[in-house]
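Notes follow once the structure below has been shown.
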Amino acid sequence: MSGPLSELLSVPGSAPPPRTVHTHCPYCALQCGTRLGHALGEVTVTPSAFPVNQGGLCQKGWTAPEVLSTADRLREPLVRGADGRLAPAGWDTALDLVAGRLKEIRRAHGPDAVGVFGGGGLTNEKAYLLGKFARLALRTSRIDYNGRFCMSSAAAASNAAFGVDRGLPFPVTDLGRADVVLLAGANPAETMPPLMRHLDRAALIVLDPRRTPTAERAAMHLRPAPGTDLALALGLLQLTVLDGRLDHAFVRERTNGFEAAWQRALPWTPERTERVTGVPVAAQREAVRMLADARRAYVLTGRGAEQHSKGADTVSAFVNLALALGLPGRDGSGYGCLTGQGNGQGGRELGQKADQLPGYRMIDDPAAREHMATVWGVEAAALPGAGPSAYELLDSLGTAGGPRALLVFGSNPVVSAPNAGHVTERLAALDLLVVADFVPSETARMADVVLPVAQWAEEEGTLTNLEGRVLRRRALLAPPPGVRGDLEVLRGLAVRLGEPAERYPVEPREVFEELRRATAGGRADYSGVSYERLDAGEALHWPCPAVPSGPAHPGTPRLFLDGFAHPDGRARFVPVEHRDAAELPGRDLPLYATTGRVLAHYQSGAQTRRVAGLTAVEPEPFVEIHPDAARRAGVTAGGLARVVSARGAVVARVRLAESLRTDTVFLPFHFPGDGRANLLTGGALDPRSGMPEFKVSAVRVEPVDVVPGGAVSV
Amino acid sequence: MSLSRRTLVVVGYGPVGHRLVAEVRALDRTDSWRVVVLGEEPRGAYDRVALSSLVSGRTPADLALPVPDSLVDVRLSTTVTGIDRDRRTVRCSDGTRHAYDALVLATGSRPFVPPVPGRDLPHCLTYRTVEDIEALRAAARPGAPGVVVGGGLLGLEAADALRRLGMRPHVVEAAPRLMPLQVDTGGGRLLASLVRELGVEVHCGATTVSVDADRVRLADGTEIEAGLVVFSAGIRPRDELAADAGLATGERGGFLVDDGLRTDDERIWAVGECAAVGGRCHGLLAPGYRMAAAVARSLMGLAPTPFGDTGQPTRLKLLGIDVTGFGDIHARTEGAIEFSEADRAGGRYRKLVLGADGHTLLGRVEVGTAPARS
Amino acid sequence: MKRILVVGNGLAAHRLTARLAALGHDGPVTVLGAEPHPAYQRTLLGSVLGGDVPASALTLSAPPPGVRVLTGVRVVAVDRARRVVRCADGTRYGYDTLVLATGARPTGDVHTLADAARPVRGRVAVVGGGVLGVETATALRRRGHRVVLAHGGPYPMHRHLDEVAGQLVAARLESWGIELRLGGYVPASGTLGADTVLRCTGTVPETAAAREAGLAVRHASGSIVVDERLRTNDSSIRAIGACAGTPDLAGALAQAETLATLLTGGDTRYVPLPPILRPRVPGLDIASLGASGPSGAPDEVVTFSDPARGRYARIEIRDERISRAVLVGLPEGTAAVAQLSDTGRPVPEDRLALLLGGRTKAHGDDPAAMADETVLCHCNNVSKGTVVRAWQHGARDLAALAATTRATTGCGGCTAAVRAVCAALPVPEEVG
């Protein structure tokens, strides 16, 4: 007998193999509920009646099991030999090697010479233990994760406005009762299709320079010029006041700081806003009217508004708008952010972030440090301070003051980081690059040591979805022999670095128990959540504090109904000004390039590019361009084009889109090599959040000469 | 046993009459019709559209349309003077009579000459027949000015002919713009400027009040010195036979026929410029050819293809200028939207008339020298 | 320590001082404002008139620390030799750099916060049908007043609109119940039978002191001549905003920001944007772009006329770029044309789509006529052919189709199309 079943039966002492398990899709933050099973030696998946996806699933979810058995799945550690090639090695060899090198580097250059890069796809347990490992075993401040490229702007804005950051401070199903929903820079019809089931009833107002499938379903589609969402939000705020739709009572009773924010909006007359953004006055007015007249309305932001060097301020402007309309903190209305990554929420509050400790605590907060020191059994003073954000960390690799070693867990920065060409060079400049992954991603292929780790269907754990609900991930099978869990890997390294083994449990359940204590009293309080309660089917949204006696805390599906999380219980308007993107089109680079996702692929594509059905739909990098712009650039539909920015060039297939602005092109970022859209993007960062400007680069498009025989001459 | 053939008499041997004969012959495999064609002009049918080419060196023989086969009896220089519907015969100027089983009137039009004093002076010509062109060539003096009265399609052709004969043409048009039926104001404006660039002087909104031996006087007092005047101010259908024969005519002339091109006499049809289909005459050849084809089918007992005005765009090319016009070019439909692009640099004008939905195309005008955009 | 003295406390001055602070200027900055109020958003006066916001809502943010703002102080003379300004109340202020931001003086009544806040009673006559007059008349009408708008031209805004556009505007104003008196001479005094008369006859740059001090001004308008670095003919004196010939908000703010950069050591130039007149009349989009008055012949003229719906546009194109445009009732086109004009981008080929904001999608392909390869469910890449085959093999309801093909399991948006495709299929005979 062969196949996954046999592997399971061969694990000694294990419980009888489950026939089916309830778990969740490994991809985006929607975390659709799925049931995994076996049929004819294959793993099968069917969507479950989980309230978030209501039996829905997109093609990525349906085909996810194929990655489990992909041909080039990593099945043993790899170590780069003297000949420069990666060769199989045993675990002890690999871990000894890594630990040994880490000790050398730390001895010679100090603890900050080792960096850690985590991921928003890691389970809560893995994210927590990774953060602990970095602070205790490595004593480094150089830890951050790829979620910085996803959620950081909205997080900064939410914290400033509400005192806490939970993507959706209400259950997803609440959206189904809305009359109007404004989506600023979000394209859920392509990025999380089952969410659209909850948006069927509402009239949608979509803000996006592109006419996406989501925009097609909108009652109103506003197309601001790239990089002008902030101006638009300011203009909408002014119109809210001018057209008499300010919720005076709400502003007076539940907020602070309106005056200062209003004064920043004063120069943004409807006409000036129209001129700068390209959104007609009449459309701005109608959007405000729709939101204000609705009985239940939501303002939601996505990466389109957030991935800018002013992303945090942009979100703040939309939050200000929502506050002016009296939406947050009401049952049936609110502001929310559509988290993108599978554990984008949990991953940003359990300590893998540069400025953070578990429970959404701040690493520079003495009380937080004391608390964690107690939980971890160390001295507070021994804990490192805050470190640089993700791009700053990557930018500093292999430089004079920067890390010489990097451990990467659950991320593929060669493809997903901005200024990818530069980041790749930085990675190459490291003395030691260690990558834990389950496929040979582009980053793994650069590593000195590759550690094969388990996939979602092979592990237990928890993730926190976009509505702040803690979900159980359950294993259908054991990982292939030779493949370990990340927790085990971390313990293996920690022990070799001199840490006591007990500090690094390898059982997810044990890690979770510790995580509960760690987050107790923090803003993201998981202390009342337990595997038992989750396995019993309870829907637990944090905060869910442990209760000493009496019935357990039911969790908090809806935040802010009784007050916001600032000490005075009020939400805060944050005064913000519009400013230009870091670079604007000019004579040599006359177009805007914006990047994003397509339905068939997920993030860097390391998983989805290994699924035949998905690559059949989207086999190659493409650039979407308006026919007029194509003509002027000398490129034709179906041909190849080179897209060039100040930082690099991408070769992509030309697709014409009449609905695009004539000054804007779009590239998906899922492809490797010279198809990496991030070769174009730059490292201009948002000063509040560290978010890079993925959504605006200045580019030009030019034809590529193809030599007969298919070779492309560059 | 001999086949009893029926007799088809065709009155008029212009291009449409010629086409009718050709269509009948093509369909009539069993030669069931004997065809008699009575043509007023001394020559066989010729391509009237290419008339202007006679000015640049072609001969009338070059314009001649193919001679029909021996089952067609062609009588030239034969004017029909009357129709006797009871006896089913036509009378000719030479005294002969021809009996018919079916009669098709294809008498065409005559040029309309406005009642302007001096219009009968010897240097005043029309622009319709080979004879007219020959007279024009004889009268032309290179370098001298000539006036064309009428700025429609035909007038512009005549002006071009004068130009090619080396003269300096002036076009005088009463309407505010050239080709007033096919183009709108904007198109007319561009057309006028393109025409002027070719060396033709244009006077729009100008009515001729008198013609002297050496000049033409306009209503606003302008005098154009010219020793040659060509009247191409329109055509009138040749329907003189109607009154005597008791056939109804259209409001503006022409034999009144239905969609099947039949008069109220079931044996008599009319085609071409002389036919008022539902009361409306058509001054271009393309509709005339469609009429000829439809009548030929009817004569052969085939399912009739009603002549409907399919609203085909008029597509003309004169002096190297493309002119297209069809439908509601003046946006008279209620709620219609007009969208125009006047490309002065490129010498192109385009106007679309759309329905209230912003999509449905109700009419279009295009004037220009550049290749058309979609 | 460079002393910067700003004369004028309007929008341009406010932006200048804010930017100076943001760029780290550390010398003393003094602002002398003639009006008794703190700086306010003048371009929103119409909203005060219309009753949408109280006057207090227009107050701009307080000046940055270190900036001294004195209100109710009017400068009457500039002593360039001594670098001192003298005020009406006799006080004097010295400068190293003088910035004139004195704005424009109304020739009529409606210009200041005080004007807008004054109560308006009864029947109102608005004299002057330029931009300000049209905005004022409609703002008051929205507030329920009876309004008559008197204008010397043949139609409102006749200096900026062509006749077709002007007549459309006139018709719309009348449809709102505003009485129009057009053409003919309008007496400077006289009440036109109204209880309140508001003269909206425009503004002239406020440059008396500048002229008397010998600074170069433009002959026709009286605005101060400045170069691309906003310098007057006295290198210590700069000018920005309406007094320098830039009355529009965007231009004035841009000049303020450029000057702040220059005064803090940066190197930049002021590049004027093409003028855009965009009156604020809720419910009626009017725009006039580019210089009014005669200009060179354009390469192309595009017109759009839809009188039934009150829509009109006339666009002049030169070198494939917008050179002039007038638009009425076309919000999408207005925004798009303005952006093309500002950025100097070439005009796209489909001009009709530009004016109407893109072509609307053709509504619903007939599912029965769709080709087999057409993708019905994008979330799961399911073609029509796949759905049809599943149907033919016995999947006769949505649940069965979803189970076999996965169609409709994603966003659910294809549900209607899948139903329609199946409805068009014949139910095969059951084979016994």
* Asked: Which listed residue (B:354, B:365, B:333) has the Cα farthest towards the positive end of the charge dipole for the stretch B:328-368, taking +1 on Lys and Arg C-beta and -1 on Asp and Glu C-beta about the Cα centre?
  -> B:365
* Asked: What is the P(r) of the stretch B:113-231, as percent of Cα-Cα pairs per 10 Å bin from 0?
  -> 15, 50, 32, 4
* residue A:474's amide H: which non-local residues (gap 5+, or another chain) put their own amide H closer than 5 Å, with H modeled 1.01 Å from N in plane and none for Pro or chain starts? -> A:24
* Could you give the distance between the Cα centres of the stretch C:13-41 and the stretch C:241-318, to the whole Å? -> 26
* Karplus-derived HN-Hα couplings along the stretch C:201-212 (A = 6.51, B = -1.76, C = 1.60, θ = phi - 60°), whole Hz, x at Gly and Pro -> 9, x, 9, 10, x, 8, 9, 4, 4, 4, 4, 5
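At 222 nm, what value in deg cm²/dmol follows for chain C if DSSP H runs of at least 4 each add -39500 (n - 2.57) and the sum is divided by all its residues, to the nearest 500?
Details: 12 runs with 112 residues, N = 432.
Taking each H run of at least 4 residues, the total per residue is -7500 deg cm²/dmol.
Given a 1.4 Å probe and every protein chain left where it sits, what share in percent of the accessible area of chain A is carbon and sulfur?
Working: 11440 of 22380 Å².
Solvent-exposed carbon and sulfur of chain A make up 51 percent of the total.
Mind checking the alpha-carbon convex hull of the protein assembly as shown and giving the volume per residue in Å³? Numbers along the way, then the final one.
Values: hull volume 405.5 nm³, N = 1520.
Given the Cα convex hull of the protein assembly as shown, per-residue volume reads 267 Å³.
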* Would you kindly give the portion of the calculated P(r) for chain C that falls above 32 Å, as a percent of all Cα pairs? => 54
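So what is Rg over Rh here for chain A, counting just Cα atoms and using Kirkwood for Rh?
Values: Rg = 24.5 Å, Rh = 25.8 Å.
Answer for chain A: 0.95.
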* Just the ratio, please: alpha-carbon radius of gyration of the stretch C:367-423 over 2.2 N^0.38 Å, N its number of residues. => 0.94
* Structure fact -> Under the 7 Å Cα-to-Cβ spin-label approximation, residue C:273 and residue B:267 lie apart by a distance in nanometres of 8.2
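Let me check I have the definition right: for the stretch A:157-272, take the eigenvalues of the Cα gyration tensor, multiply each by 5, take square roots. What are those semi-axes in whole Å, largest first?
Numbers: eigenvalues 133, 75, 37 Å².
Values for the stretch A:157-272, descending: 26, 19, 14 Å.
For chain A, what relative contact order do you get, as a whole percent, if you take Cα pairs closer than 8 Å and at least 6 residues apart?
Numbers: 1724 pairs, mean separation 134.3, N = 714.
Taking the mean separation of contacting Cα pairs over the length of chain A, I get 19 percent.
How large is the helix-only mean residue ellipticity at 222 nm for chain A, computed as the sum of -39500 (n - 2.57) over DSSP H runs with n ≥ 4, divided by its residue count, in deg cm²/dmol to the nearest 500? Mind showing how you got there, number by number?
Working: 24 runs with 202 residues, N = 714.
It comes out at -8000 deg cm²/dmol, rounded to the nearest 500.
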* Asked: In square nanometres, what is the average projected area of the Cα convex hull of the stretch A:285-380?
  -> 8.5
* Give me the distance between the Cα centres of the stretch A:435-513 and the stretch A:644-706, rounded to whole Å. => 33
* **Accessible area per residue, Å², the stretch B:113-231 with all protein chains present, probe 1.4 Å** => 41
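What per residue convex hull volume, in Å³, do the alpha-carbon atoms of the stretch A:591-713 yield?
Details: hull volume 14.4 nm³, N = 123.
Normalising the Cα hull of the stretch A:591-713 by residue number yields 117 Å³.
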* Asked: What residues qualify as long-range amide H neighbours of residue B:146, i.e. H under 5 Å apart, gap of 5 or more or another chain, H built at 1.01 Å from N?
  -> B:168, B:170
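Hey, how much of the P(r) for the stretch A:479-580 falls beyond 24 Å, as a percent of Cα pairs? The partial results should precede the final answer.
Details: 2489 of 5151 pairs.
Tail of P(r) above 24 Å: 48 percent of Cα pairs.
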* What is the distance, in nm, between label points placed 7 Å from the Cα along the Cα-to-Cβ direction at residue B:220 and at residue B:73? -> 5.8
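Just to be sure I understand: of the beta bridges DSSP finds with both ends in chain A, what percent are antiparallel, rounded to 5?
Taking every DSSP beta bridge within chain A, about 45 percent pair in antiparallel fashion.
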* Tell me, what ³J(HN,Hα) does each residue in the stretch A:175-186 have, in order and in whole Hz, if you take phi through Karplus 6.51 cos²θ - 1.76 cosθ + 1.60 with θ = phi - 60° and put x for Gly and Pro? -> 4, x, 9, 6, 8, 9, 10, 9, 10, 9, x, 10
* Structure fact -> Expected output for the stretch A:593-621, residues with a loss of 20 Å² or more in accessible area relative to the chain alone at probe 1.4 Å, reads A:599, A:617
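So for the stretch C:285-356, Kirkwood radius off the Cα pairs, Stokes-Einstein at 25 °C and 0.890 mPa s: how many µm² s⁻¹? List each step's numbers first, then the result.
Working: Rh = 12.1 Å.
Translational diffusion coefficient: 203 µm²/s.
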* **Long pairs among A:695/C:2; A:310/A:353; A:695/B:351; A:353/A:695; A:60/A:695; A:103/A:126, criterion Cα-Cα beyond 31 Å** => A:695/C:2; A:695/B:351
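Dipole magnitude of the protein assembly as shown about its Cα centre, charges +1 at Lys/Arg Cβ and -1 at Asp/Glu Cβ only, in debye to the nearest 20? Kindly include the intermediate steps, with their values, before the conclusion.
Working: 169 positive and 164 negative charges, 442 e Å.
The dipole magnitude comes to about 2120 debye.
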* **Amide H contacts under 5 Å for residue B:248, placed H, 5+ residues apart** => B:256, B:264
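Taking the Cα centre of the stretch C:255-331 as origin, sum charge times position over the Cβ atoms of Lys and Arg (+1) and Asp and Glu (-1), and report the length of that vector in debye to the nearest 20.
Values: 9 positive and 9 negative charges, 65 e Å.
Charge dipole of the stretch C:255-331: 320 debye, to the nearest 20.
What does the net charge come to around residue B:115 if you take all other residues with beta carbon closer than 15 Å to its beta carbon, with K and R at +1 and D and E at -1? It would help to have the intermediate numbers written out before the result.
Values: positive: B:110, B:119, B:217, B:236; negative: B:120.
With Lys, Arg at +1 and Asp, Glu at -1, the neighbours total +3.
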* To do: Taking only protein heavy atoms into account and a 1.4 Å probe, give the accessible area per residue of the stretch A:153-337 in Å².
  => 22
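Restricting to bridges with both residues inside the stretch B:167-308, how much of the DSSP beta-bridge set is antiparallel, in percent to the nearest 5? Walk me through the numbers on the way to the answer.
Values: 9 of 16 bridges.
Of those bridges, close to 55 percent are antiparallel.
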* Structure fact -> So, relative contact order of the stretch C:1-148 in percent, Cα under 8 Å, 6 or more apart, is 28
* What percent of all Cα-Cα pairs in chain B falls in each 20 Å bin, counting up from 0? -> 27, 54, 19, 0
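Taking only C-alpha pairs under 8 Å that are 6+ residues apart, what is the relative contact order of chain B in percent? Each step should come with its number before you reach the end.
Values: 853 pairs, mean separation 57.6, N = 374.
Computed value for chain B: 15 percent relative contact order.
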* **Total formal charge among the other residues, if their Cβ is under 12 angstrom from that of residue C:84, Lys/Arg +1 and Asp/Glu -1** => +4
* Count the DSSP beta bridges whose two residues both fall in the protein assembly as shown, then state the antiparallel fraction as a percent rounded to the nearest 5. => 55
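What does the accessible area per residue of the stretch A:591-713 come to in Å², with a 1.4 Å probe and no ligands, DNA or RNA counted? Can you show the working numbers first?
On the way: 3950 Å² over 123 residues.
It amounts to 32 Å² per residue over the stretch A:591-713.
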* **Karplus-derived 3J(HN,Hα), 6.51/-1.76/1.60, for each residue of the stretch A:22-35, Hz, glycine and proline x** => 8, 8, 9, 4, x, 8, 7, 5, 5, 6, 3, x, 9, 10
* Accessible surface buried upon C-A contact (total; probe 1.4 Å; Å², nearest 100) -> 3700
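Report, to the nearest whole %, how much of the accessible area of chain C belongs to carbon and sulfur atoms, 1.4 Å probe, protein only. Don't jump to the answer; show the numbers that get you there.
On the way: 9920 of 19170 Å².
Here it works out to 52 percent.
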* Where in chain C are the helices, taken as whole DSSP H runs, whose Cα atoms extend 20 angstrom or more along the long axis and whose Kyte-Doolittle mean reaches at least 1.0? -> C:249-263
* Asked: How far is the Cα center of the stretch A:112-143 from the Cα center of the stretch A:367-417, in Å?
  -> 6
* **Estimated distance in nm for a label pair at residue A:295 and residue C:91, the labels positioned 7 Å out from Cα along Cα-to-Cβ** => 5.8
* Chains B and C: buried accessible surface, both sides, probe 1.4 Å, rounded to 100 Å²? -> 1400
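The values are calculated or read from the model by the stated rules, or taken from the named source; none is laboratory data. This one's a predicted model, so the numbers in the text were calculated from it and none came from an experiment. Don't worry about glycine lacking a Cβ; one is built from the backbone with ideal geometry, like all the others, and counts go over all protein chains shown. Protein only, heavy atoms only, side chains kept; ligands, DNA and RNA dropped before computing areas. Shrake-Rupley method; radii C 1.70, N 1.55, O 1.52, S 1.80 Å.
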